[in-house]
Ligand code: G6P
């Protein structure tokens with residue numbers, strides 16, 4: 001069994017450490033930073049639909065839904081198309097308005113999630129065009145889609161998704177950039193900057209894993225007995241706060257809530273005392289000053305702050321009780337890096353609590369019943 005795990009104690013840790021490769025594999029052959037070009041035959045296939053789409057509806061569950069939420073922010077910003085993100089289970093039952101002008105992007109690691117599949121069948125009947133972003137080749141969602149792109153994360157064994165998520169983000173960035181280029185909604189300089197930063201993601205992820213894992217193990221030790229966690233982020237890092245909280249719940253059974261940082265004053269701030277760890281996803285971006293003041297608000301109430309910050313950001317690092325560093329890249333690309341320390345934090349807390357992180361109780365790798 002240890003051979004299967006490549007020398008790691010768990011599949012989850014093995015898969016976290018595979019990410020430099022799986023992100024690379026998901027980008028490989030699809031982008032050329034020097035030529036400033038992206039090749040995605042699935043996007044070409046439905047390009048006419050995408051370019052005149054009324055809106056894009058992203059349908060997914062769980063971690064894949066969090067990838068979809070980030071995609072909403074990115075596609076709206078870069079492509080100026082209306083995007084909705086839907087939980088498949090809600091979307092399929094609530095008689096949504098769908099027309100043949102809509103493009104649905106379905107995101108699914110397994111390609112077999114029942115709610116997502118049925119939501120697509122319904123939308124297809126109403127004339128929508130379906131684009132699948134799926135990891136498992138030949139899966140049901142891959143087959144029902146009109147076009148698509150595979151993530152190349154390889155088989156994911158750990159029930160809590162890690163490498164499939166970052167592979168989804170990598171390909172979603174390519175899709176957004178490609179569509180923006182086709183639509184002419186992105187300046188060449190921004191396109192080139194984003195593509196160049198994307199190309200560097202695998203090596204940055206490697207750096208985070210090498211430099212931060214031991215530090216995060218120490219941080220995990222301090223907080224393994226906490227009863228609740230709060231995860232806060234703004235803008236592009238908000239979906240990462242949600243994903244960080246989900247990962248912790250899944251593998252440590254600690255209650256965790258993800259929230260938009262500014263929204264905390266409308267509720268979660270009531271929970272803050274010296275027992276509550278608050279994880280901030282606070283890399284340098286256009287919301288930075290705002291999130292710094294959110295950190296101060298937590299500190300003023302004696303909360304413990306654990307922050308993901310950009311290298312060299314002394315201000316955020318000094319304010320936080322514990323810090324996890326990531327390289328600084330364009331704010332649109334930053335989330336694919338900020339999630340890595342949060343995966344490690346959850347993993348180590350789960351292991352400290354003596355739990356089966358690869359197979360948490362009550363969870364299934366793929367939910368093929370509703
Ligand atoms: C289950 C898994 C999650 C996954 C979700 C959606 O809940 O435990 O890790 O994110 O299903 O699965 P999918 O295969 O559609 O991405």
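Values in this text are rule-based calculations from the coordinates and carry no lab data. Values in this document were obtained by computation on a predicted structure and should not be read as measured data. Note: ideal-geometry Cβ built from the backbone for every residue, glycine included; neighbour counts use all protein chains shown.
Output the number of residues of the range 122-140 satisfying the condition of being in a helix (DSSP H, G or I) and within 15 Å of the ligand (Cβ to nearest atom).
Matching residues across the range 122-140 total 1.
Does the range 93-113 contain at least one residue that is more than 16 Å from the ligand (Cβ to nearest atom), part of a strand (DSSP E or B) and buried (at least 22 other Cβ atoms within 10 Å of the Cβ)?
Going through the range 93-113, the residues more than 16 Å from the ligand (Cβ to nearest atom) turn out to be 93-103.
Narrowing the set further to residues that are part of a strand (DSSP E or B) leaves 102-103.
Then keep just the ones that are buried (at least 22 other Cβ atoms within 10 Å of the Cβ); that gives 102-103.
Scanning the range 93-113, I find at least one residue that is more than 16 Å from the ligand (Cβ to nearest atom), part of a strand (DSSP E or B) and buried (at least 22 other Cβ atoms within 10 Å of the Cβ), so the answer is yes.
Restricting the first residue to the range 350-370 and requiring it to be under 20 Å from residue 221 (Cβ atoms), which pairs with a second residue that is in a loop (DSSP other than H, G, I, E, B) and within 14 Å of the ligand (Cβ to nearest atom) meet a Cβ separation below 8 Å and a spacing of at least six or different chains?
Note: pairs meeting the criteria are 350/357; 350/360; 351/357; 357/158; 357/160.
So which of 315, 305 is farther than 30 Å from residue 117 by Cβ, without any contact (Cβ under 8 Å) to a residue 40 or more places away in the chain and either within 16 Å of the ligand (Cβ to nearest atom) or out of contact with any strand residue (DSSP E or B) (no Cβ under 7 Å at 6 or more places or on another chain) (or both)?
Numbers: 305 fails: either within 16 Å of the ligand (Cβ to nearest atom) or out of contact with any strand residue (DSSP E or B) (no Cβ under 7 Å at 6 or more places or on another chain) (or both).
After ruling out the rest, the residue left standing is 315.
Can you pull out every residue in the range 63-86 that is away from the ligand (no atom under 16 Å from the Cβ) and either in a helix (DSSP H, G or I) or crowded, with 16+ Cβ neighbours inside 10 Å (or both)? Quick ask: steps written out before the conclusion?
Kept after step one, since they are away from the ligand (no atom under 16 Å from the Cβ), are these residues of the range 63-86: 72-84.
Correct list: 72, 73, 74, 75, 76, 77, 78, 79, 81, 83.
What is the one condition in (1) closer than 29 Å to residue 186 by Cα; (2) outside any loop (DSSP other than H, G, I, E, B) that residue 89 does not satisfy?
(1)
Would you mention how many residues in the range 299-315 are in a helix (DSSP H, G or I) and touching a helix residue (DSSP H, G or I) at 6+ places or on another chain (Cβ under 8 Å)?
Step one: list which residues in the range 299-315 are in a helix (DSSP H, G or I), which gives 299-300, 314-315.
Narrowing the set further to residues that are touching a helix residue (DSSP H, G or I) at 6+ places or on another chain (Cβ under 8 Å) leaves 299, 315.
Count: 2.
State whether the residues of the range 148-156 include one that is within 9 Å of the ligand (Cβ to nearest atom), touching a residue at least 40 places away in the same chain (Cβ under 8 Å) and part of a strand (DSSP E or B).
Among the residues of the range 148-156, not one is within 9 Å of the ligand (Cβ to nearest atom), touching a residue at least 40 places away in the same chain (Cβ under 8 Å) and part of a strand (DSSP E or B), which makes the answer no.
Go through the range 52-62 and give me each residue that's out of contact with any strand residue (DSSP E or B) (no Cβ under 8 Å at 6 or more places or on another chain) and either closer than 14 Å to residue 105 by Cα or surrounded by fewer than 22 Cβ atoms within 10 Å (Cβ to Cβ) (or both).
Once the filter is applied, which keeps residues that are out of contact with any strand residue (DSSP E or B) (no Cβ under 8 Å at 6 or more places or on another chain) and either closer than 14 Å to residue 105 by Cα or surrounded by fewer than 22 Cβ atoms within 10 Å (Cβ to Cβ) (or both), the range 52-62 yields only 52.
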